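Enquirer: Sharing a structure, written as structure tokens. Questions coming.
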């Protein structure tokens, strides 16, 4: 076994959360009297946390007060509606179970607000992750390596024995800053050309392909 631990990103990697994120953003924008965004636009906005999603979603020139207002509405709505349309990608639960059965530790590190990370892990992957870390005020968001380093510390695993899996440029940079190997997935929010342009070295198109990397 090459790796003792696999750390997964959440949005676009293990869960297709895009529709609930888009619905929540558009609800907040509508309630604030602002124009809504398309699903494709929201797809391009995600990856750097909810605050950045809001900043990208509001009209150009919006004030800090307006951004905070949209953020507050989004948060209250998303807390209730974060599991309306969200689903695991096909093959992901089976992949994680196979890893755990073989004795591999598993974790989630996400820029999603921590309340959302904990709720979604409980809803779709109850008991399937050793640690799950979302955005918290005391921890810098990815691509800073802080949250990954915290997972390594909690689980007592050396970074040379851990693999990071994600779907975006943020994930590639996170793994680089954490000095870890990285696998990029092609079923998420960014395509092959984008990932290659941002330094992807290893990509997979089906979840089960990850097993050959872990057990090589």
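Enquirer: What's the Cα-based Rg to Rh of the range 76-184, Rh via Kirkwood?
Expert: Values: Rg = 13.9 Å, Rh = 14.6 Å.
Here Rg/Rh amounts to 0.95.
Enquirer: Residue 63 to residue 197: extension gain in nm, 0.36 nm per residue of separation minus the Cα-Cα distance? Walk me through the intermediate numbers first.
Expert: Values: separation 134, 0.36 × 134 = 48.24 nm, distance 3.31 nm.
Residue separation times 0.36 nm, minus the Cα-Cα distance, leaves 44.9 nm.
Enquirer: Hey, with R₀ at 25 Å, roughly what FRET efficiency would residue 155 and residue 97 work out to, going by the Cβ-Cβ distance, to 0.05?
Expert: On the way: r = 18 Å, r/R0 = 0.73.
That gives a FRET efficiency of 0.85.
Enquirer: Determine the percent antiparallel among the DSSP beta bridges restricted to the range 91-216, to the nearest 5. Intermediate results must be reported in sequence, preceding the final value.
Expert: On the way: 1 of 11 bridges.
So the antiparallel bridges amount to about 10 percent of the total.
Enquirer: Which residue, 35, 137, 93, has the most motion in a Gaussian network model of the chain that connects Cα atoms within less than 10 Å?
Expert: 137
Enquirer: Could you give the angle, 0 to 90 degrees to the nearest 10, between helix 92-101's Cα long axis and the longest principal axis of the Cα atoms of the chain?
Expert: 40 degrees
Enquirer: So, one more: Taking the 0 to 90 degree range and rounding to the nearest ten, how far is the long axis of helix 114-124 tilted relative to the main principal axis of the chain, both from C-alpha atoms?
Expert: That helix lies at roughly 60 degrees to the long axis.
Enquirer: Could you calculate, for the range 154-216, the ratio of the Cα radius of gyration to the Kirkwood radius, expressed as Rg to Rh?
Expert: Values: Rg = 11.7 Å, Rh = 12.0 Å.
My calculation of the ratio gives 0.97.
Enquirer: Quick one: helix 18-31 against the long Cα principal axis of the chain, what's the angle to the nearest 10°, folded into 0 to 90?
Expert: 20 degrees
Enquirer: GNM, the chain, Cα, under 10 Å: largest mean-square fluctuation among 119, 41, 64?
Expert: Largest GNM mean-square fluctuation: 64.
Enquirer: Could you tell me, in Å, what Rg and Dmax come out for the Cα atoms of the chain?
Expert: Looking at the chain, its Cα Rg and Dmax stand at 16.9, 54 Å.
Enquirer: Kindly provide the helix-only [θ] at 222 nm of the chain, computed as the sum of -39,500 (n - 2.57) over DSSP H runs of four or more divided by all residues, to the nearest 500 deg cm²/dmol?
Expert: Details: 10 runs with 98 residues, N = 216.
Value at 222 nm, helices only: -13000 deg cm²/dmol.
Enquirer: Take the alpha carbon atoms of the range 49-79, find their center, do the same for the range 82-155, and report the distance between the two centers in whole angstrom.
Expert: Rounded to whole Å, the Cα centres lie 24 Å apart.
Enquirer: At residue 1 and residue 55, where each label point lies 7 Å from the Cα along Cα→Cβ, what is the point-to-point distance in nanometres?
Expert: Label at residue 1, label at residue 55, 4.0 nm between them.
Enquirer: Let me ask something else about it. For the chain, give me the percentage of DSSP beta bridges that are antiparallel, rounded to the nearest 5 percent. Before the final figure, lay out the partial values.
Expert: Values: 3 of 22 bridges.
The antiparallel proportion sits near 15 percent.
Enquirer: Compute the length gained on full extension between residue 118 and residue 177: take 0.36 nm times their separation in residues and subtract their Cα-Cα distance, giving the result in nm to one decimal.
Expert: Details: separation 59, 0.36 × 59 = 21.24 nm, distance 2.46 nm.
Gain in length upon complete extension: 18.8 nm.
Enquirer: With springs only between Cα atoms under 10 Å apart, run a GNM on the chain and tell me which of 196, 29, 152 wobbles the most.
Expert: 196
Enquirer: Which FRET efficiency value, to the nearest 0.05, is calculated for residue 85 and residue 209 with the Förster distance at 30 angstrom and r the Cβ-Cβ distance?
Expert: Details: r = 26 Å, r/R0 = 0.87.
With a Förster radius of 30 Å, E is 0.70.
Values in this text are rule-based calculations from the coordinates and carry no lab data. Predicted model, so just to flag it, every value in this text is computed and none were measured. Positions of Cβ are backbone-derived with ideal geometry, glycine not excepted, and every protein chain shown enters the neighbour counts.
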